[in-house]
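Presented below is the structure to which this report refers.
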Amino acid sequence: MSMRPYLTILHPGEDEFVEKRSRFIGRIRPVTTEQQALDFINEMRAKHWDATHNCYAYVLREGQTRRYSDDGEPQGTAGVPMLDVLLGAGLTDVAVVVTRYFGGVLLGTGGLVRAYSKGARVAVDATGIVTMQPCQLGMVTCDYNQYGRISALIPQLGGKVEDAQFGMVVVVNFSIPCEQVGALEKALADATRGEVIPRLTEIRYMPCEKGFDR
């Protein structure tokens, strides 16, 4: 299966607001399995057992799963609008719960849609969206006089020097977007007259917010 970049979050987010005396609390959390999503939802239900509603939506890469619940609100006024916020932001592997404490004033269908959409949106805004990009991990072994060129070359191609060990020779561990592996191999060969050849290890999703800078 091909690995493609995707948008997600790395950290939980939380925010709240009051709409016509009803208190809305939006929370979002990164999840990678349906069980993690359900655990988060149940955690919020237990935390806010006295709330009027705990509505949720989640999107997973696993099985391309999409789930939502209005939790007693009129059908289509909570879960679907929250899901639409996640999908509109292009997010996956996330779960959002919007808790409502009823304030005594009915919001109407349109008002509920706007409020639950806002609850999901403020939760997203409270965290940071990142691109998870398939990256090749690897290492190169070089002489000390080659280290400066190599450590500068990797970032120029969109990669990152993860660490380096200095002994009789220098071992440089790096990560680089998969599509740049060929360019890196050629650049290393050109810069070292074919003396340095990278040893590729594993491919892993890694986060980047702008380009590949982390």
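The values are calculated or read from the model by the stated rules, or taken from the named source; none is laboratory data. Remember, it's a predicted structure, so these values are computed and weren't measured experimentally. Here the Cβ positions follow ideal geometry from the backbone for every residue, glycine too, while neighbour counts run over all protein chains shown.
With respect to I176, determine if the residue is β-branched (V, I, T), outside any strand (DSSP E or B) and either under 30 Å from V196 (Cα atoms) or not assigned by TED's automatic domain parsing to the domain that holds H48 (or both).
Details: β-branched (V, I, T): yes; outside any strand (DSSP E or B): no; either under 30 Å from V196 (Cα atoms) or not assigned by TED's automatic domain parsing to the domain that holds H48 (or both): yes.
When the stated conditions are applied, I176 does not pass them.
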Residues (in contact with a helix residue (DSSP H, G or I) (Cβ under 6 Å, 6 or more places away or on another chain) and β-branched (V, I, T)) located in the range 177-196: T192, V196
Search result, residues across the range 153-174 that are farther than 17 Å from T141 by Cβ and in contact (Cβ under 8 Å) with a residue 40 or more places away in the chain: G158, K160
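Taking the range 184-199, which residues are surrounded by 14 or more Cβ atoms within 10 Å (Cβ to Cβ) and over 18 Å from V170 (Cβ atoms)?
Keep residues of the range 184-199 that are surrounded by 14 or more Cβ atoms within 10 Å (Cβ to Cβ), which gives 184-185, 187-189, 191-192, 196, 198.
Passing the criteria: only E185.
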Members of the range 1-17 found to be more than 23 Å from V105 (Cβ to Cβ), touching a helix residue (DSSP H, G or I) at 6+ places or on another chain (Cβ under 9 Å) and not in a loop (DSSP other than H, G, I, E, B), listed by number: I9, G13, E14
Residue ranges of strands (runs of 3 or more DSSP E) in the range 92-171 with at least 1 members acidic (D, E): 160-166
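Give the number of residues within the range 52-68 that are in contact with a strand residue (DSSP E or B) (Cβ under 6 Å, 6 or more places away or on another chain) and either part of a strand (DSSP E or B) or surrounded by 19 or more Cβ atoms within 10 Å (Cβ to Cβ) (or both). Working first, answer last.
Within the range 52-68, the first condition is being in contact with a strand residue (DSSP E or B) (Cβ under 6 Å, 6 or more places away or on another chain), and the residues that meet it are 52-59, 66-68.
Keeping just the survivors that are either part of a strand (DSSP E or B) or surrounded by 19 or more Cβ atoms within 10 Å (Cβ to Cβ) (or both) gives 53-59, 66-68.
Total meeting the criteria: 10.
Tell me which residues, restricted to the range 18-29, are surrounded by fewer than 20 Cβ atoms within 10 Å (Cβ to Cβ) and either touching a helix residue (DSSP H, G or I) at 6+ places or on another chain (Cβ under 8 Å) or within 18 Å of T92 (Cβ to Cβ) (or both).
Taking the range 18-29 first, the residues surrounded by fewer than 20 Cβ atoms within 10 Å (Cβ to Cβ) are 18-21, 23.
Within the range 18-29, E19, K20 meet the criteria.
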Candidate set from the range 69-87 (those that are of a type outside the set (D, E) and assigned to a loop (DSSP other than H, G, I, E, B)); member that is surrounded by the most Cβ atoms within 10 Å (Cβ to Cβ): A78
Matching residues, the range 88-106, being more than 14 Å from R67 (Cα to Cα), surrounded by fewer than 22 Cβ atoms within 10 Å (Cβ to Cβ) and in contact (Cβ under 8 Å) with a residue 40 or more places away in the chain: A89, G90, Y101, F102, G103, G104, V105
Check on Q64, more than 17 Å from G111 (Cβ to Cβ) and without any contact (Cβ under 8 Å) to a residue 40 or more places away in the chain: yes
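If a residue must be in a loop (DSSP other than H, G, I, E, B), exposed (fewer than 15 other Cβ atoms within 10 Å of the Cβ) and not acidic (D, E), how many such residues does the range 38-51 contain? Can you show your working first?
Taking the range 38-51 and keeping what is in a loop (DSSP other than H, G, I, E, B), we get 48-51.
When the remaining residues are screened for being exposed (fewer than 15 other Cβ atoms within 10 Å of the Cβ), the result is 49-50.
Then keep just the ones that are not acidic (D, E); that gives 49.
Within the range 38-51, residues that are in a loop (DSSP other than H, G, I, E, B), exposed (fewer than 15 other Cβ atoms within 10 Å of the Cβ) and not acidic (D, E) number 1.
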